[in-house]
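Trainee: Please read through the structure below; I'll follow up with questions.
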Amino acid sequence: MAQQNKEPDICVIGGGVGGLAAAAAAAAMGASVVLIEKGRMGGQSLDGGTVPSKALLAAAEYANVVRSGAQFGVRTVRSGIDFPAVMAHARRAAQAVAPQLSAERFVGLGVRVIADAARFKDANSVEAGDAIIKARRFIIATGSSPIMPAIPGLADAPYLLPQTVFNLSDCPRNLIIIGAGNTGLELAQAFRRLGSEVTVLEAETPLQREDRECAAVVLDALAREGIKLRTGVAVMQIRRLLARIQVVIAKAEGGEETIEGTHLLVAAGRQPNIEDLNLDAAGIRHAPHGIVVDKYLRTRNKKVYAIGDVVGGPKFAHVAHHHAGLVVRNALFRTKVALDRRALPWVTYTDPELAQIGLLEDEARAQTSAIRILRWPYRENDRAVAAGATDGHIKVITDRRGGILGVTIVGAAASENIALWSLAVGQKLKIGALAGLIAPIPSYAEVGKRAAITYFIGGLTTSRVRRIIGLLRRFGGNG
């Protein structure tokens, strides 16, 4: 069959969250768009990612609420977990959003969808099946895949991945998880609340990218729920013994130990999907962490941009979505809108939730010694007290002029409250703007406001302010 030549304004490679957002935005602006996706439209969002995993977490939260009702005076006579129904709920959630991400919908938006693998032919063109696309601009949005650690015996043992746990028909009796990042710990808590005994193995530091003080609150909560977290251990071998899995670990203090379970879940991180793109032919630089881009998300080939997981950094759907909007403006209109990484939040959806934006404390101290750290605990928030959700606090880092450098929230609704701080950082608001926030009472948003107010309360005790107040008393009269 003769090859078909196509010359659209934009060619998007990858039909995950970022690629679909870019294709839809470009088409809405009147551009001609070709979208290439070799697998399922929607990518990780449907295959065990954003939608089904959060549906699973919601089911586990309901199970925990039922068990915890006694503290509110609510006692259930009988309760139980129908595990197949839980998994059916997670799959239904994915199916409910699938039509919004389907090829048919995007064809209706005016996007030409090619269901095939893409490969750069040269610096100006891409091959996909029998088509050659010579677009004005290319956007690579191929996402990432689970990292499979090189552990002897892993390939011969049955194991689960974050996207395959939804195929389970029975709740694991003893679940071993390799990896204590956000995904590993989210699933650990979910399965523990659904009835599993859970052991998590981590060679380094759990929640390594997070604020250590706030991460400790999450880890303590998981330990109280009965999750066994083993850190500083290296997995040496995996063995299958009849219907069980044996994991041999090397302990930090020396010696080996064998941990036995019924199921094994590998959540050791993700790696960019770049191996089949033939990037070198297009003059695109890449490294193990992903495609190398500048602050405009443009590669060394000025016709090619890259977004989402494929460029490294935090691997979240909202990050890819934000990248897409920025790149479409740059690619279509030749603007130079730079990515502000400080305004990108990330969240670990455990209970309590852990949300972060901007600089961590050690990063802020490395940049400037003149920082202020503002805190406010959930235990002094009326909404948290009423809901029995008093674990956690907010931690705000500012410079000496009140500029917001970073925020971490650990506690109930942290994923919702971090959005306000994302806006504040993105708009370069000072801490005074948050101190002046009119928040409904009671609400979790009050936690952030109260922390912001402490920035000014600290200054009221200084000798300079005392002198000003004294002068006002002396000369201000009664007016």
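Trainee: For region 257-298, how many residues meet the condition of being in contact with a helix residue (DSSP H, G or I) (Cβ under 7 Å, 6 or more places away or on another chain), under 28 Å from I177 (Cα atoms) and in a strand (DSSP E or B)?
Mentor: 4
Trainee: From the residues in region 77-92 that are over 13 Å from Y62 (Cα atoms) and at pLDDT below 90, which one is surrounded by the most Cβ atoms within 10 Å (Cβ to Cβ)?
Mentor: R91
Trainee: If you don't mind, another one. If the Cβ limit is 8 Å and pairs must be 6+ apart or interchain, which residue in region 133-146 that is over 17 Å from I114 (Cβ atoms) and polar (S, T, N, Q) pairs with which residue that is open to solvent by 20 Å² or more (accessible area, probe 1.4 Å) and assigned to a loop (DSSP other than H, G, I, E, B)?
Mentor: Short answer, once both residue conditions are applied: S144/N273; S144/K315; S145/N273.
Trainee: Could you please tell me which pairs satisfy a Cβ distance under 8 Å, a separation of 6+ or placement on different chains, a first residue in region 23-50 that is hydroxyl-bearing (S, T, Y), and a second residue that is in a strand (DSSP E or B) and at pLDDT 95 or above?
Mentor: Taking only residues 6 or more apart or on different chains, the pairs are S32/I10; S32/R112.
Trainee: Residue check, T335 against (1) more than 19 Å from the chain's Cα centre (by Cα); (2) part of a helix (DSSP H, G or I), all met but one. Which one?
Mentor: Tallying (1) more than 19 Å from the chain's Cα centre (by Cα); (2) part of a helix (DSSP H, G or I), T335 fails exactly one: (2).
Trainee: Given the condition in contact with a Phe, Trp or Tyr (Cβ under 9 Å, 6 or more places away or on another chain) and open to solvent by 70 Å² or more (accessible area, probe 1.4 Å), answer yes or no: does some residue in region 270-280 qualify?
Mentor: Yes, region 270-280 contains at least one residue that is in contact with a Phe, Trp or Tyr (Cβ under 9 Å, 6 or more places away or on another chain) and open to solvent by 70 Å² or more (accessible area, probe 1.4 Å).
Trainee: Filter region 236-256 for residues that are outside any loop (DSSP other than H, G, I, E, B), modelled with pLDDT under 95, open to solvent by 30 Å² or more (accessible area, probe 1.4 Å) and not basic (K, R) and give the result.
Mentor: L241, E256, listed by residue number.
Trainee: Still on this structure, please answer the following. State whether the residues of region 143-157 include one that is under 18 Å from E204 (Cβ atoms), open to solvent by 50 Å² or more (accessible area, probe 1.4 Å) and among the small types (G, A, S).
Mentor: yes
Trainee: Another question about this same structure. Taking the residues in region 112-127 that are among the hydrophobic types (A, V, I, L, M, F, W, C) and touching a Lys or Arg at 6+ places or on another chain (Cβ under 9 Å) as candidates, determine which candidate is nearest to D9 (Cα to Cα).
Mentor: Filtering first and then ranking leaves V126.
Trainee: Limited to region 361-379, what total is found for residues that are of a type in the set (A, V, I, L, M), under 18 Å from H393 (Cα atoms) and modelled with pLDDT under 95?
Mentor: Of the residues in that region, 0 qualify.
Trainee: Considering only residues of region 301-331 that are in contact with a helix residue (DSSP H, G or I) (Cβ under 9 Å, 6 or more places away or on another chain) and among the charged types (D, E, K, R), which is farthest from E275 (Cα to Cα)?
Mentor: Here the answer is R329.
Trainee: From E37, E7, E61, grab the single residue that is modelled with pLDDT of 85 or more, closer than 30 Å to R298 by Cβ and in contact with a Lys or Arg (Cβ under 8 Å, 6 or more places away or on another chain).
Mentor: Checking each option against the conditions leaves just E7.
Trainee: Which pairs do you get when a residue that is in contact (Cβ under 8 Å) with a residue 24 or more places away in the chain and over 21 Å from T183 (Cβ atoms), found in region 52-71, comes within reach of a residue that is outside any helix (DSSP H, G or I) and open to solvent by 20 Å² or more (accessible area, probe 1.4 Å), reach meaning Cβ atoms under 7 angstrom, with the pair 6+ apart or on two chains?
Mentor: Going by the 7 Å Cβ cut-off, the qualifying pairs are Q71/G388.
Trainee: Separate question: What's the number of the condition Y349 fails, among (1) open to solvent by less than 50 Å² (accessible area, probe 1.4 Å); (2) within 20 Å of the chain's Cα centre (by Cα); (3) touching a residue at least 40 places away in the same chain (Cβ under 8 Å)?
Mentor: Single failed check for Y349: (1).
Trainee: For V319, which of the numbered conditions (1) open to solvent by less than 10 Å² (accessible area, probe 1.4 Å); (2) more than 15 Å from the chain's Cα centre (by Cα); (3) over 22 Å from N124 (Cβ atoms) fails to hold?
Mentor: Every condition holds for V319 apart from (2).
Trainee: Is one or more of the residues making up region 301-317 under 26 Å from D399 (Cβ atoms) and not charged (D, E, K, R)?
Mentor: yes
Trainee: In region 326-341, which residues are open to solvent by 30 Å² or more (accessible area, probe 1.4 Å) and not acidic (D, E)?
Mentor: Within region 326-341, R329, F333, R334, T335, K336, V337, A338, R341 qualify.
Trainee: To continue, here is another question. Using the structure shown, decide if T199 is closer than 22 Å to M148 by Cα, surrounded by fewer than 16 Cβ atoms within 10 Å (Cβ to Cβ) and not acidic (D, E).
Mentor: The answer is no for T199.
Trainee: State which residue is most open to solvent (accessible area, probe 1.4 Å) when the search covers only region 405-450 and only residues that are more than 24 Å from A215 (Cβ to Cβ) and of a type in the set (A, V, I, L, M, F, W, C).
Mentor: Only one residue fits best here, namely I438.
Trainee: Taking region 164-186, which residues are open to solvent by 10 Å² or more (accessible area, probe 1.4 Å) and within 15 Å of the chain's Cα centre (by Cα)?
Mentor: The answer is G181, N182, T183, E186.
Trainee: Shifting gears a bit: Out of region 218-235, which residues are in a strand (DSSP E or B) and either within 16 Å of V198 (Cα to Cα) or touching a residue at least 60 places away in the same chain (Cβ under 8 Å) (or both)?
Mentor: Passing the criteria: K228, L229, R230, T231, V235.
Trainee: So, one more: Does G403 fit the bill of being small (G, A, S) and under 24 Å from the mean Cα position of the chain (by Cα)?
Mentor: no
Trainee: Quick check on my filter: what residues within region 373-395 are of a type in the set (V, I, T) and farther than 16 Å from E353 by Cα?
Mentor: Within region 373-395, I373, V385 meet the criteria.
The values are calculated or read from the model by the stated rules, or taken from the named source; none is laboratory data. This one's a predicted model, so the numbers in the text were calculated from it and none came from an experiment. Glycine gets a Cβ as well: all are built from the backbone with ideal geometry, and neighbour counts include every protein chain shown. To get the accessible areas, we keep the full protein, side chains included, count just its heavy atoms, and leave off ligands, DNA and RNA. Shrake-Rupley method; radii C 1.70, N 1.55, O 1.52, S 1.80 Å.
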